[in-house]
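Let me begin by presenting the structure, written as structure tokens, before commenting on it.
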Amino acid sequence: MSREWRASTFREDVRAFIARLLPRGWKGVGALPVGDVDAFVTQWRDTLATAGLLGLSWPREYGGGGLSHAEEIVLAEELARAKVPGGAPWDPMGMQMLGPTLLEWGSEAQKAHFLPRILRGEDRWCQGFSEPDSGSDLGSLSTRAVADGEFWHVDGQKVWTSSAQVADWIFVLARTSREESAHHGMSFVLVPMDQPGVEVRPITMLSGEREFNEVFFTDAVTHRENVLGPVGAGWKVAMTLLSYERSHVAATLPIQYEQEFERLLALVERRGLGRDALVRDQIAQAYTQLSVLASLGRRVKAQISQGGPPGRESQLIKLAWSEYHRDLAELAINLLGPEAMVVEGRQGPFLPYTADYPGAPISSGAWIGTLLHSRSDTLVGGTSEIQRNICAERVLGLPR
Amino acid sequence: MTMTDDQVLSQEHRVFQQTMRRFFDKAVPESYVRDFYEGEAGFDPAMWRRLDAEFGLPGLAVPEEFGGSGAGLIELVLVMEEMGRCLLPSPFLGSAGLATSVLLRLGDTEVNTCLVPRLVSSGDFAALAVTVSSGDWSEDAVSVRAEGGGDDTFRLSGTVRFVLDGDLAPLLLVAARTTSGISLFEVEPDARGLDRQRARSLDPTRRLATVVMHDVDGRLVGHEGTAWPAIRRGLDDAALLLAAEQVGAAERCMDLSVEYARTRHQFGRPIGSFQAIKHKCADMLLRVESARSAVYAAAFALDQANPQASRAVDVAAAYSGDAFSWVAKEMIQVHGGIGFTWEHPAHWYFRRATSSAALFGSATARRRRIAAALGMPC
Ligand SMILES: Cc1cc2nc3c(=O)[nH]c(=O)nc-3n(C[C@H](O)[C@H](O)[C@H](O)COP(=O)(O)OP(=O)(O)OC[C@H]3O[C@@H](n4cnc5c(N)ncnc54)[C@H](O)[C@@H]3O)c2cc1C
């Protein structure tokens, strides 16, 4: 049965709890033999669920822990510090993005139905925003949902849909009226994947893996009540969702990247480059950048924990971290020298991490995987160019 | 590796910040700084008195028992941001930031009760002579020699360059080497054998001097041979305050650039609607807020005597120096031809940035220390 957690002693309690569950000498999920990782993650997710640590900030009536965002952030930090994931690879979409958005916009019936199912792992979600002709310019998207009696009928195509190959549901941003204005006339529609009108075709990523997809809707149907928020308010709902994504990232990325930085130091040592003046300067630059961004993240995190409105610096987090990580991966590849030409060991990272699994062996494959994946950091969730536009226009007030 | 406590400005901090902003906006307009470029204006005793009389700034971080206000480094940081913003030419950094800090860090009762109060509200200010011509702010580089006369009086010989306000300061402190190590001395401004020459600064709002000593009488401050740790820590404090000044100055550069980009039109539209310009401004914002985060984090670390504080200062100083230099240069680019004129303030910031990047050690030197602190082999 799920236990009660107290906010006042939460950090110590949860730290002790996690430590008790992990085997002696635990080095991180990346140190497990590759074949054992899936089984471990599944079992670990069950453990967290049983302990009431999934959906910590969700109300208890929906199966959550009834605590606040502050404890949620502490939990994410402690899990990252203990080098274990906070759930299954597909969980972030349901737990960190859709869940909080449901809490903000959902009807009572929607919350009561969907939230517990997310926590129990019964519904896996994916995000259907991008389309072939609408990426950065999401406002131009053309997938349509038309109401007819008891159902919505959905037609159109989504692309780059992560985890669609394993998802049970997709949240779709679709046009529901003929209004020409880009940001009006859209709705946030929840659509079940297992039906003849939905077809998923995997796309192989640059790294060789198949984690994103095309999703085709041909008269796909979903029940009339499966619209989140008012009909026509889809854009607003989608923006809420993206802001939840950002705040979670602000809390956990610094820890992940600090652990990754330790691996970089180990790589320098293994390659015998520690006395090279240029390498030392590059490492110190990377460290400087890392700790500056950690400080920036703490400022944003403190604002979120205190429930205040995030300041202008929150808008910088995504841009800053993605470019840091892209550059760090390149530095690691440089340090590998000729080893970078050959993939030794397994090629990380794997969802939900953007750095390699903590504790993973320091092989060329690990860093090559990080390099390949890092090229998506500056694309997903709004490209760096779009981030700069937003900073310049919305924060600094420059004209469009 | 990092500190986990939430460290953000309190409501009082914000109010203080606004008070400082209002004061400097009014008291130090562009025309004030321009006088330092156009005339022979070098030091403004009236302004120095106002900083004390209106806000007690020289003694802000001095404990109350020695006559100060007992604030922390974080408050000094907030002051320095505002001084950087308006490029206030002032002995504040060299005296309140560096010299006072070193004196306090000596932890010597006599120093605290005799010398420190002089720097709080008497109108006096101090200069600390510690660098050498190599510009290397390390212990090995201290080259002034002091020969003992048995009591507390020594005779000092040597040359120190790049001394902040060194030609003017009523209280001159000199780091010198005796047979038992680095020691601190007070030298009378009119002592025999002392020559103080104002240098022609790249940044006229930053007063620098060369101090030459031939057998000059110096009075020992604190104990012989034990001054280096206090100097080292005082230099950390000062480096952090310089970083804060750089944040404030960089933010002003950003503000000026954004304002210009909004109003200057070419091709029938504001230049700020061109992405090449827009993205430069966004990158200015990124650097300013990143630097500010690092500076606040280091200030809190120093105030809480965090064991990692020194490294946090290295990070903040290395980053802020580079950030300010970048922003100041891009400001010229955003302004086009007008940015390259003597008339426009852009070059004041460019000069301040370039000169500050070398004060208290370069970013490269900071990174050398960071690499060593990370445990990389030497
Ligand atoms: C690994 C990965 C996973 C993803 N997962 C999902 C998912 O699960 N669900 C989902 O909906 N989407 C997902 N995406 C899609 C992602 O959000 C888009 O790729 C992104 O928004 C960019 O859109 P686009 O690919 O159409 O590029 P485009 O918008 O065509 O951009 C191409 C280039 O033009 C630039 N550009 C475009 N507009 C401007 C402008 N106004 N100013 C300056 N430059 C501009 C861009 O910055 C970019 O460099 C994923 C993408 C990746 C790479």
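Going by what's in this entry, would B:Ala312 be described as within 13 Å of chain A (Cβ to nearest Cβ) and within 26 Å of B:Thr364 (Cα to Cα)?
Against the criterion (within 13 Å of chain A (Cβ to nearest Cβ) and within 26 Å of B:Thr364 (Cα to Cα)), B:Ala312 qualifies.
Give A:Asn334, A:Asn389 a once-over and let me know the one that is among the polar types (S, T, N, Q), surrounded by fewer than 20 Cβ atoms within 10 Å (Cβ to Cβ) and more than 16 Å from the ligand (Cβ to nearest atom).
Within the list A:Asn334, A:Asn389, the selection yields A:Asn334.
Only residues that are facing another protein chain (nearest Cβ under 10 Å), crowded, with 17+ Cβ neighbours inside 10 Å and under 18 Å from B:Trp326 (Cβ atoms) were counted across the stretch B:254-273, and they come to 4.
The set of residues from the stretch A:200-213 being crowded, with 16+ Cβ neighbours inside 10 Å and either touching a strand residue (DSSP E or B) at 6+ places or on another chain (Cβ under 6 Å) or within 17 Å of A:Gly128 (Cα to Cα) (or both) comprises A:Val200, A:Glu211, A:Phe212, A:Asn213. Applying the selection to the stretch B:274-285, what residues are within 23 Å of the chain's Cα centre (by Cα) and within 7 Å of another protein chain (Cβ to nearest Cβ)? Matches in the stretch B:274-285: B:Leu285 only.
From the list A:Glu262, A:Glu313, the lone residue that is surrounded by fewer than 23 Cβ atoms within 10 Å (Cβ to Cβ), under 21 Å from B:Ala299 (Cα atoms) and either at the interface with chain B (Cβ under 8 Å from one of its Cβ atoms) or modelled with pLDDT under 95 (or both) is A:Glu313.
Residue by residue, here is whether (1) small (Gly, Ala, Ser); (2) surrounded by 24 or more Cβ atoms within 10 Å (Cβ to Cβ); (3) under 21 Å from B:Glu82 (Cα atoms) holds:
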{"site": "B:Gln275", "(1), (2), (3)": "no, no, no"}
{"site": "B:Met284", "(1), (2), (3)": "no, yes, yes"}
{"site": "B:Glu289", "(1), (2), (3)": "no, yes, yes"}
{"site": "B:Arg292", "(1), (2), (3)": "no, yes, yes"}
{"site": "B:Ser310", "(1), (2), (3)": "yes, no, no"}
{"site": "B:Ser320", "(1), (2), (3)": "yes, yes, yes"}
{"site": "B:Pro345", "(1), (2), (3)": "no, no, yes"}
{"site": "B:Tyr349", "(1), (2), (3)": "no, yes, yes"}
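Scanning the stretch A:270-296 for residues that are more than 8 Å from chain B (Cβ to nearest Cβ) and in a helix (DSSP H, G or I), we see that the one that is surrounded by the most Cβ atoms within 10 Å (Cβ to Cβ) is A:Leu290. If the condition is being hydroxyl-bearing (Ser, Thr, Tyr) and either within 16 Å of the ligand (Cβ to nearest atom) or not assigned by TED's automatic domain parsing to the domain that holds A:Asp133 (or both), then the stretch A:180-232 contributes A:Ser187, A:Thr204, A:Ser207. On the given criteria, is A:Ile18 part of a helix (DSSP H, G or I) and at pLDDT below 90? No: the conditions fail for A:Ile18. Taking first residues from the stretch A:362-383 that are within 25 Å of A:Val342 (Cα to Cα) and away from every other protein chain (no Cβ under 14 Å) and partners that are near the ligand (Cβ under 8 Å from one of its atoms) and not in a helix (DSSP H, G or I), the Cβ contacts under 9 Å between residues at least 6 apart in sequence or on separate chains come to A:Leu372/A:Met205; A:His373/A:Met205; A:Ser376/A:Met205. If the condition is being of a type in the set (D, E, K, R), touching a residue at least 24 places away in the same chain (Cβ under 8 Å) and touching an Asp or Glu at 6+ places or on another chain (Cβ under 6 Å), then the stretch B:241-291 contributes only B:Lys280.
Considered as a group, the residues in the stretch B:335-378 that are β-branched (Val, Ile, Thr) and within 11 Å of another protein chain (Cβ to nearest Cβ) include one that is farthest from B:Gln246 (Cα to Cα), and that residue is B:Ile370.
The values are calculated or read from the model by the stated rules, or taken from the named source; none is laboratory data. Note that the structure is predicted; figures quoted are calculated from it, not measured. Neighbour counts run over all protein chains shown; Cβ positions are idealised from the backbone, glycine included.
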